[in-house]
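Trainee: Please read through the structure below; I'll follow up with questions.
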Amino acid sequence: MKCRLVLIWLCLFTSLSLWADGRLYTIATWNMKWLGGSVGPLDDTKNEYRYVNEILNSKATIFALQEITPSHSENDVAKCHYLDLIVAEINKKQLGWTYYADLKNESQRLAFLYDSSKWTLIGVRSIAPGNAFGGRMRKPLLGSFKAVDNPGLVLNIINIHLKAFPDSADIRRKQFMQLTEWIKNNRTAAYTIICGDTNIYKDEADPALQISDAGFTEAKNDENTAIHENTLSQRFDRFYLSPGILEKIKAAGKEIGEANVVDSKQESAHGNYKEYANNVSDHFPVTLVIKP
């Protein structure tokens, strides 16, 4: 069973070698639904190839991942057995893929999966913006990436996974307030992208509005990205951009079309959201394209 599933993931990621334009850079965020845990998607034998086709076209070379369950550690670095299998299979066809998982978030780790032939991870650490991120869960993961083909391009990517229901919107609002203050006090010259699963529901006041106090702008994506109760129902997965990088997003939009600058990779051709949620994830991956 595991061999079959690893081959499915191989099909998923080998298409990322289709690097059509070295001056376009695609970043993705994806909540992978307890990958590596006892209820993780790779434990299900019903994965089907048509679902991964939606991700095949993303051409992303950095994935900010949420809900990664570690299986062991190596040299004090958290490892996930299923991610190890995925990376091993990817690298049989396209060398360079690797990942880093955090050490702070217990069974719901954050991780960066990336192509090291395209990006150098020059720094990575968990951050604790305030007491709303206290305890053993939900600390953001900050990764600094330098483009191999453009050393002047450095991206700070803050991978987030905010508290979900039944915790109140007040907690998410407080988390965004504290993250905003942390960013103000830790400003760098590099472009910064905040991305991940915000767990912000449509019927609550948007706590992310506060991030504008630090000069950040949401990269709008009106598509719903999460599946709940077997319906496509919430836009949880988002990107926020530091000052300056928005023009680079717009430049990409002029080249590839605005609809593809921020894009939720939905299984829209069939509409089988229940089956997708059961077998792949309860979130669709979302991609962002920039053009230096």
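The values are calculated or read from the model by the stated rules, or taken from the named source; none is laboratory data. Just so it is clear, the structure is predicted and the values come from calculations on it, not from any experiment. When we count neighbours, we look across all protein chains shown, and the Cβ atoms used for this are built from the backbone with ideal geometry, even at glycine.
Trainee: Please give the number of the condition Glu223 fails out of (1) surrounded by 20 or more Cβ atoms within 10 Å (Cβ to Cβ); (2) assigned to a loop (DSSP other than H, G, I, E, B).
Mentor: (1)
One line per residue, one yes/no per condition, for (1) of a type in the set (Asp, Glu); (2) more than 21 Å from the chain's Cα centre (by Cα); (3) farther than 22 Å from Lys291 by Cα; (4) surrounded by fewer than 15 Cβ atoms within 10 Å (Cβ to Cβ):
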position	(1), (2), (3), (4)
Val148	no, no, no, no
Lys174	no, yes, yes, no
Asp197	yes, no, yes, no
Pro207	no, no, yes, no
Ala219	no, no, no, no
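Trainee: Could you grab me the full set of residues in the range 176-193 that are closer than 19 Å to Gly134 by Cα, aliphatic (A, V, I, L, M) and crowded, with 20+ Cβ neighbours inside 10 Å?
Mentor: Residues satisfying the conditions are Leu179, Ile183.
Trainee: Does the range 102-124 hold any residues that are closer than 22 Å to His72 by Cα, crowded, with 16+ Cβ neighbours inside 10 Å and in contact (Cβ under 8 Å) with a residue 40 or more places away in the chain, and which are they?
Mentor: Asn105, Gln108, Arg109, Leu110, Ala111, Phe112, Leu113, Tyr114
Trainee: Any chance the range 237-245 includes a residue that's surrounded by 15 or more Cβ atoms within 10 Å (Cβ to Cβ), touching a Gly at 6+ places or on another chain (Cβ under 6 Å) and within 25 Å of Leu113 (Cβ to Cβ)?
Mentor: No, every residue in the range 237-245 fails to be surrounded by 15 or more Cβ atoms within 10 Å (Cβ to Cβ), touching a Gly at 6+ places or on another chain (Cβ under 6 Å) and within 25 Å of Leu113 (Cβ to Cβ).
Trainee: Out of all the residues in the range 31-39, is one or more of a type in the set (A, V, I, L, M, F, W, C), surrounded by fewer than 16 Cβ atoms within 10 Å (Cβ to Cβ) and either in a strand (DSSP E or B) or modelled with pLDDT under 70 (or both)?
Mentor: Within the range 31-39 (the criterion being of a type in the set (A, V, I, L, M, F, W, C), surrounded by fewer than 16 Cβ atoms within 10 Å (Cβ to Cβ) and either in a strand (DSSP E or B) or modelled with pLDDT under 70 (or both)), the answer is yes, since at least one residue qualifies.
Trainee: Still on this structure, please answer the following. So Ile160 fits all but one of (1) part of a helix (DSSP H, G or I); (2) surrounded by 13 or more Cβ atoms within 10 Å (Cβ to Cβ); (3) not polar (S, T, N, Q); what number is the exception?
Mentor: Exception for Ile160: condition (1).
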